[in-house]
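The values are calculated or read from the model by the stated rules, or taken from the named source; none is laboratory data. Everything numeric in this text was worked out from a predicted model, so none of it was measured. Cβ: placed from backbone, ideal geometry, glycine included. Neighbour counts: every protein chain shown.
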C-alpha cells in the first residue's frame, strides 16, 4: 500500500508499506480521507519535546505513518470484533491514517454520518470531539465566547454551543469572519480590528495566546475557562505553561479554569454523528489535498491560514 512514511521526526516521504493486519478488537480500514490538525504537525516534528515523553517516541516516532483522524470502509474485522462488518462506512481515530489502509480499534470508531462525505467525516473526530467535550455543561441562554472560532476546534465550538442554545461570540482574524458568521455565531469579533468585550459563562480558548488574567476578566464570577492547547510556548513544553498556571489558580478562585484533555471514544463520535445528521453541525472543510501532498496539507494547517478543517483524500 501507499503511505506517507515517517522514519524520523521532521520529515516524511510517500512510500510503500505492507498492509497491516487487524489484531484483537481491531478492524482493517480502506482509508478514504484523513483529517489534519495542529496535533498532526506536532507529532510530525516531535515538538514540543514534551510530546516525546508522552509515549509517542523519544528518539523517533513510534508510528511510521502520521495522521489520526480517519474515515473509510471496513475491509476486514479482527478477533473479538462485534458491531462492525466488512463494508461498513465509519469514522474515528487511529494511528497512521495517511495511508491507503490502516487498522483502528473499534472503541475509537463510529458509523459515518449519512449526510456528509468521507472527506467531511474525516474532519470531525478530534476537533469535533474536543469541542463537544469542552462545552459539556453549557445551558441554553448562557453566553459562550469561542477564541479561534475560524479554526478546527473553534468552528465546531461555535456550532455545538449554538445547538445547546447558547448565545455565541466568535473571535477570529479578518479572512475567517464570514465563515464564523455562517456557522451561526451571534456576534463575530475580528481581533485584528478590536478585542472582545463583556463577560461570559464559558470561554473556549482554542490554541490562543492571551494571558490567564485577560481571560479571567472575560468570565463571570463562576464562569469556566476551557484551554484547548496553545501555540505560544517554546520547543520544550509548548503552551503547557498556561495550563500549569490555571491548575494553580484553581485553588484560589471561584472561577473554573480547565486544561481540556479530551478523549477519543466511539460514543463521543456517535454524539457528533447525531448532531450532524440532525443538521446542527456541518464540517467546515477549507481544502482537500491528495496523499502525495500530505506534507503540504500539514504545512497549510501550521500556517494558520486554513478556514475550518483540512483533509487528505486517499
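A few points about this structure:
- Residue-level check: of (1) out of contact with any helix residue (DSSP H, G or I) (no Cβ under 7 Å at 6 or more places or on another chain); (2) crowded, with 22+ Cβ neighbours inside 10 Å, residue 80 misses just (2).
- Residue within the stretch 288-298 that is modelled with pLDDT of 95 or more, under 26 Å from residue 174 (Cβ atoms), assigned to a strand (DSSP E or B) and not assigned by TED's automatic domain parsing to the domain that holds residue 160 present: yes
- Only one entry in 198, 208 is part of a loop (DSSP other than H, G, I, E, B), out of contact with any helix residue (DSSP H, G or I) (no Cβ under 7 Å at 6 or more places or on another chain) and modelled with pLDDT of 95 or more, namely 198.
- Filter result for residue 111 (within 19 Å of the chain's Cα centre (by Cα), without any contact (Cβ under 8 Å) to a residue 40 or more places away in the chain and surrounded by fewer than 23 Cβ atoms within 10 Å (Cβ to Cβ)): no
- Taking every residue in the stretch 60-71 that is assigned by TED's automatic domain parsing to the domain that holds residue 100 and closer than 21 Å to residue 265 by Cβ and pairing it with any residue that is assigned to a loop (DSSP other than H, G, I, E, B) and at pLDDT below 90, at least 6 positions away or on another chain, the pairs with Cβ-Cβ distances below 9 Å are 63/57.
- Against the test of being in a helix (DSSP H, G or I), over 26 Å from residue 272 (Cα atoms) and at pLDDT below 95, the options 53, 58 yield a single qualifying residue, 53.
- For the stretch 134-180, the set of residues classified as within 14 Å of residue 275 (Cβ to Cβ), touching a strand residue (DSSP E or B) at 6+ places or on another chain (Cβ under 8 Å) and in a helix (DSSP H, G or I) consists of 155, 157, 158, 161, 162, listed by residue number.
- Sole residue being touching a residue at least 60 places away in the same chain (Cβ under 8 Å) and either outside the structural domain of residue 195 (by TED's automatic domain parsing) or more than 18 Å from the chain's Cα centre (by Cα) (or both), chosen from 148, 137: 137
- Of all residues in the stretch 258-286, those satisfying the criterion of being within 17 Å of residue 206 (Cα to Cα) and either surrounded by 19 or more Cβ atoms within 10 Å (Cβ to Cβ) or touching a residue at least 24 places away in the same chain (Cβ under 8 Å) (or both) are 258, 259, 260, 262, 263, 283, 284.
- Any chance residue 70 is more than 18 Å from residue 123 (Cα to Cα), crowded, with 22+ Cβ neighbours inside 10 Å and at pLDDT 90 or above: no
- Residue count for the stretch 77-86, restricted to those that are modelled with pLDDT of 95 or more, in a loop (DSSP other than H, G, I, E, B) and over 26 Å from the mean Cα position of the chain (by Cα): 6
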